[in-house]
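Take a look at the structure set out below.
Every read-out reported here was derived from the displayed coordinates using simple, explicitly stated rules and does not represent laboratory data. Here the structure is a predicted model, which means the values were calculated and not measured. Cβ: placed from backbone, ideal geometry, glycine included. Neighbour counts: every protein chain shown.
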Amino acid sequence: MKKIIFAVIITLLASISPSMADAQIKSTSENSYIEVNASAFLEVTPDEFYLQITIDESLNGSKSSLEKKERELFTALKTLGINLEKDMQVQDVTSSIKNYIFKQAKILNTKSYTLKVNSPELIMGVFNAAEKIKISQVSIIKTGVSNPDKIKEEVLAKAALKAKSNAEVLATTLGSKLGKPIYVQHYDSAFNPFRAMTKSLSIRGAASLETADEALPELEFEKIRFDQQVLVRFSLE
């Protein structure tokens, strides 16, 4: 009985296998294509720099000392050609209590600003001006690029051209002719065009360097990398 059942199964498999093979071959011949993954990247030097500036009133002074420093800072920044309305924002306004001997207390006001500049030279100018006004709390908090969308499009185009070039090489090698793209997928990962400083950079002594006719330190910032990846399916003729 077992032998008879086994013989029947073999007969059925023999009868359906040829038809299945024909279907796969037919499908492959009618939909010949080549699929290529390609990626491209571009490292861009940042052209936007964000500074954090904090002003506080002196321990022995009054509230007017903060306002005086603020006015002096604004005047110095305007002299550098900085548009305060466009590039400067108030980040934080706080009051803190400092304790002294015999439990005396004094409320100190502070103001923090975020300032955007577009060159390392302006960064040094801001630090130099702040030091002259005796504002020591100035640091670089992040860098960025001014045209991220344009750069992204440029890198995406490079990835697409690379996919086409690789597909043409493969098609020619296999004796086929590359046809039109029939499917395109773009892998767009989350991207932030700004790079936070892992450690805020503070520059001291800019004013003293300038008065001594010494060269100001050169600022080098890590480049921002743009990555794009595509999957393209081309028909084969």
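Taking only the C-alpha atoms of segment 108-181, Rg followed by Dmax gives 25.0, 79 Å. Distances between placed amide hydrogens fall under 5 Å for V44 paired with I224, R225, F226, all partners being 5 or more residues away or on another chain. Can you give the FRET efficiency for S136 and E43, using 1/(1 + (r/R0)^6), R0 = 35 Å, r = Cβ-Cβ distance, to the nearest 0.05? About 0.55, to the nearest 0.05.
Which entries in K68/K134; K78/K150; K132/K223 show an alpha-carbon gap greater than 20 Å? Each step should come with its number before you reach the end.
Numbers: K68/K134 11 Å; K78/K150 30 Å; K132/K223 31 Å.
The pairs that break the limit, which is 20 Å between Cα atoms, are K78/K150; K132/K223.
Place the peptides 170-180, 45-55 in order of packing, highest mean first, counting for every residue the other Cβ atoms within 10 Å and averaging per peptide.
Details: 170-180: 12.5, 45-55: 19.1.
For the peptides 170-180, 45-55, the packing ranking is 45-55, 170-180.
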